[in-house]
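The structure appears right after this line, and notes come after that.
The values are calculated or read from the model by the stated rules, or taken from the named source; none is laboratory data. Everything numeric here is computed off the predicted structure, so don't read it as measured data. FYI the Cβ positions are ideal-geometry reconstructions off the backbone, even for glycines, and counts take in every protein chain you see. Surface areas here come from the heavy atoms of the whole protein model, side chains and all, with no ligands, DNA or RNA. Shrake-Rupley method; radii C 1.70, N 1.55, O 1.52, S 1.80 Å.
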Amino acid sequence: MSNAAATATRTWDTAAELCHVTKYFDQKRPVSLFKREVQRIHALDDVSFTLQKGEFAAYAGPNGAGKSTTFKLLSGMLRPQAGEVRLFGMDPARSRIEVMRRTGVLFGNRSELWWDHPVRASFDWKKEVWDIPDDVYQRAVGELRDLLDLDDIWHTFARELSLGQRMRANLALTLLHEPELVLLDEPTLGLDVLAKRQMIDFLKRINREKQVTLLVTSHDMDDLTEMADRLLLINKGRLAFDGSYDQLVRTTGDSRIIRLLMRGDAPAIEGASFIGTQDGRHVYRYDAAALTPQQLFAAIARIHGVEDVELGREAIEQVIARLYEEWRR
Amino acid sequence: MAAKTRSVFRLWRLYALMDLRWMLQDTASMLIVLLSETVQNLSAMAGVLLLAVRFGGVGGMTADEVLFMLGFYELASGLCMMLFGGFNIAHISRRIGRGQVDHMLIQPRPLWVQLLTEGFMPFSGSCGFLIGLVLTAAAIRRLHIALTPVWFALLGFYLLIHIALTLGQSFLYGASAFWQPVACEEISSMILDLNSQLGRFPLFGLPGWLSGLLHTVLPVGLLAYLPALSLLRQLGKPVELGLPLGVAAVFVTAAVVCFQKGLKHYEQCSCNRYKDMGHRC
């Protein structure tokens with residue numbers, strides 16, 4: 001895309017933008033004792049998308065698809081070989097300081113907390129380094145302590161926190177300067193059900209009430225489905241899908257699941273494919289657009305020994321897992 | 001610029017407070033840290049000092065002059081550690097090799113401000129400096145050195161040279177971790193250890209080529225030996241000032257150039273390893 005064309009897509013409402021971004025890494029691999037071969041890994045290949053202010057988008061893909069690379073590009077930690085990365089209309093690598101004042105970044109496997117200090121000290125530290133005014137700091141700390149339930153761990157050393165507590169404290173620290181854009185890489189990593197629930201509710205709330213733009217990655221598709229309105233699927237460095245979950249379901253077919261409770265081996269059902277047996281039930285998948293209910297029930301009625309039948313939609317997680325599997329092939 | 005200077009002072013105050021809190025949060029740990037630092041610093045110079053006392057001097061210096069040189073080394077290296085010893089700023093290859101530069105890049109502060117302030121530990125890192133102060137004072141008293149303003153200015157100059165050479169080497173060689181994070185993670189520590197082991201020796205009597213090497217390419221002679229001779233008024237002025245200044249300028253310039261080149265490489269390739277050991281440890 002030419003510079004003029006790229007600029008034309010930007011508006012004041014744009015929080016983040018990738019325009020035809022290509023990023024590759026050259027990896028040296030030993031092929032013999034003295035010989036090395038250079039392999040070019042395309043982390044991102046001509047990827048473009050725009051995040052409008054106030055959007056909540058999920059960024060998903062199989063391992064090695066290019067998710068972390070995208071986050072590093074958006075954070076200005078990496079520069080692309082081709083294309084343009086813009087946050088608030090600025091190049092994050094060139095205008096790092098200005099961009100970072102308005103952006104919060106959290107990588108799930110990393111911590112911004114000061115290890116040998118109480119949680120409170122990390123917040124005091126951030127106040128000075130980010131130059132957060134007193135009134136903003138007091139308000140933000142009050143809200144975050146309350147919403148993320150930090151009171152019990154406020155004076156605990158960061159090194160003594162459990163994984164869930166550390167994630168909550170990290171998230172609060174990321175949001176302390178009230179960023180307009182928040183990039184969260186695996187924020188629910190390792191959290192138990194309750195902590196995950198708290199985290200998701202909190203993210204939805206700040207998106208709804210404060211119009212914070214969020215881009216979140218996770219391997220848990222149920223979490224992403226619940227959190228975000230928009231799904232960006234990346235595979236082998238290419239954007240494979242950009243849209244809502246409903247659109248994704250329409251794209252991948254209206255896939256439904258049948259569970260048959262019966263003794264013996266799984267019989268064949270015309271128009272449906274057998275997936276496996278779970279908890280004594282034979283599970284099949286079929287496309288509702290291709291198989292009418294009449295045809296389906298007629299096919300099941302011909303099977304002897306059926307004790308129970310369950311019908312349902314295929315979980316989004318399964319749809320995406322199937323997509324990943326197809327991509328891998 | 002005035003705003004940046006103010007922010008540097010504010011950050012120094014912040015890190016000083018954090019250091020104080022860290023010291024006071026556990027009395028037993030604090031005492032053990034202070035004790036081990038003291039033992040480490042004293043044992044590092046014990047060998048040279050005991051030899052000098054036993055033989056009435058070593059390497060062309062009397063025992064008291066050796067004490068002065070060792071005192072100066074402790075003072076200078078202690079000051080360097082007090083200013084840059086915290087959170088691996090002096091051991092910069094660790095931060096780079098462990099993939100922790102990312103933590104710096106998301107802060108809305110220029111990198112030079114972060115590097116200048118984050119290592120400040122005036123309380124927990126003051127042990128070497130205080131030992132150096134006591135030893136230097138004792139040596140000055142025994143040697144009857146006249147303490148004039150010029151002498152103090154010269155002392156300040158050599159302290160700065162020591163810090164510039166130490167950090168210059170650490171950052172120059174440490175920048176290699178941008179390209180080889182695993183192999184070079186500890187290269188800054190190696191350089192600092194080398195300086196610490198060789199920088200405390202009087203170099204008089206060495207062959208010219210070796211002495212030259214140790215005052216230029218591997219400038220351990222400029223860390224304490226030449227400054228001590230100068231402060232004891234045994235060298236001519238041009239060499240006293242010009243050589244350390246020139247060598248320090250070369251190392252600092254090379255370090256800045258290589259570090260910037262390394263950062264550019266990091267922006268292209270990042271670091272594919274990350275050690276979650278407390279991200280600044």
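With a Förster radius of 41 Å applied to the beta-carbon distance between A:Asp229 and A:Gln278, the computed FRET efficiency rounds to 0.85. If each Cα of region B:106-171 is one equal point scatterer, what is log10 of I(q)/I(0) from the Debye formula at q = 0.13, 0.15, 0.24, 0.25 Å⁻¹? For the requested q values the scattering log ratios are -0.56, -0.71, -1.20, -1.22.
Provide Rg over Rh for the protein assembly as shown; use the alpha carbon set for both Rg and the Kirkwood Rh (inverse mean inverse pair distance).
Details: Rg = 31.1 Å, Rh = 28.2 Å.
In the protein assembly as shown, Rg relative to Rh is 1.10.
Across peptide A:128-141, the average count of Cβ atoms from other chains found within 10 Å of a residue's Cβ is 2. When each of the peptides A:286-292, B:83-89 is scored by how many other beta carbons lie within 10 Å of its residues on average, the order from highest to lowest is B:83-89, A:286-292.
Comparing each chain alone with all protein chains together (probe 1.4 Å, DNA, RNA and ligands left out), the residues of region B:5-27 losing at least 10 Å² of accessible area are B:Arg10, B:Leu11, B:Arg13, B:Leu14, B:Tyr15, B:Met18, B:Arg21, B:Trp22, B:Gln25. Taking every protein chain into account, the accessible area of the protein assembly as shown amounts to 46 square angstrom per residue (probe 1.4 Å). Other residues whose C-beta falls under 14 angstrom from the C-beta of B:Leu130 contribute a net charge of -2, scoring Lys and Arg +1 and Asp and Glu -1.
Which entries in the list A:Lys28/A:Lys204; A:Lys126/B:Lys261; B:Lys237/B:Lys261 go over 31 Å, if you measure between the two C-alpha atoms of each?
Working: A:Lys28/A:Lys204 43 Å; A:Lys126/B:Lys261 29 Å; B:Lys237/B:Lys261 36 Å.
Violating the 31 Å Cα-Cα cut-off are A:Lys28/A:Lys204; B:Lys237/B:Lys261.
Sequence-ordered 3J(HN,Hα) estimates for region B:201-209 from the Karplus curve with 6.51, -1.76 and 1.60 and θ = phi - 60° stand at 9, x, 9, 4, x, 6, x, x, 5 Hz, glycine and proline given as x.
Give me a single rounded figure for B:105-113: the average over its residues of other chain Cβ atoms within 10 Å of their Cβ.
On the way: counts 10, 14, 8, 12, 6, 2, 2, 0, 2.
Mean partner-chain Cβ count within 10 Å for B:105-113: 6.
Helices from chain B with mean Kyte-Doolittle at least -0.5 and a Cα length along the axis of 27 Å or more, per DSSP H: which?
Numbers: long enough: B:2-24 (33 Å, 0.23); B:27-55 (42 Å, 1.47); B:63-84 (31 Å, 1.36); B:149-174 (37 Å, 1.43); B:237-269 (47 Å, 0.69).
Within chain B the helices that satisfy the rule are B:2-24, B:27-55, B:63-84, B:149-174, B:237-269.
Using only alpha carbon pairs under 8 Å that are at least six residues apart, calculate the relative contact order of region B:30-269 and give it in whole percent.
On the way: 330 pairs, mean separation 62.7, N = 240.
Answer for region B:30-269 is 26 percent.
Cβ neighbours within 10 Å, averaged per peptide: list B:265-276, B:185-196 in order, most packed at the top. Don't jump to the answer; show the numbers that get you there.
Working: B:265-276: 15.8, B:185-196: 19.1.
Result, highest mean first: B:185-196, B:265-276.
Around the Cα centre of chain A, unit charges on the Cβ atoms of Lys, Arg, Asp and Glu (plus for the first two, minus for the last two) sum to a dipole of about 1200 debye. Accessible area of the protein assembly as shown with a 1.4 Å probe: how many percent of it is carbon plus sulfur? Taking all protein chains in place, the protein assembly as shown shows 59 percent carbon and sulfur surface. Entry note, chain A: the mean residue ellipticity at 222 nm calculated from DSSP H runs of n ≥ 4, each adding -39500 (n - 2.57), is -10500 deg cm²/dmol after division by the residues and rounding to the nearest 500.
Positive end of the dipole of chain B (Cβ unit charges, origin at the Cα centre): among B:Tyr173, B:Gly208, B:Cys269, the Cα lying farthest that way belongs to B:Cys269. Neighbouring Cβ atoms from other chains, within 10 Å of the Cβ of residues in A:111-118, number 5 on average. The listed residues A:Trp154, B:Trp22 rank as B:Trp22, A:Trp154 when sorted by accessible area, largest first, using a 1.4 Å probe. The accessible area of A:Leu189, taken with all protein chains in place and a 1.4 Å probe, comes to roughly 80 Å². Name the residue from B:Met45, B:Ala16, B:Gly56 whose Cα lies farthest towards the positive end of the charge dipole of region B:1-64, charges +1 on Cβ of Lys and Arg and -1 on Cβ of Asp and Glu. Of the options given, the answer is B:Ala16.
One equal scatterer on each Cα of region B:30-269, no solvent, Debye formula: the resulting log10 I(q)/I(0) at q = 0.09, 0.10, 0.12 Å⁻¹ is -0.39, -0.48, -0.69.
Once B binds A, the 1.4 Å probe can no longer reach about 3200 Å² of accessible area, counting both sides.
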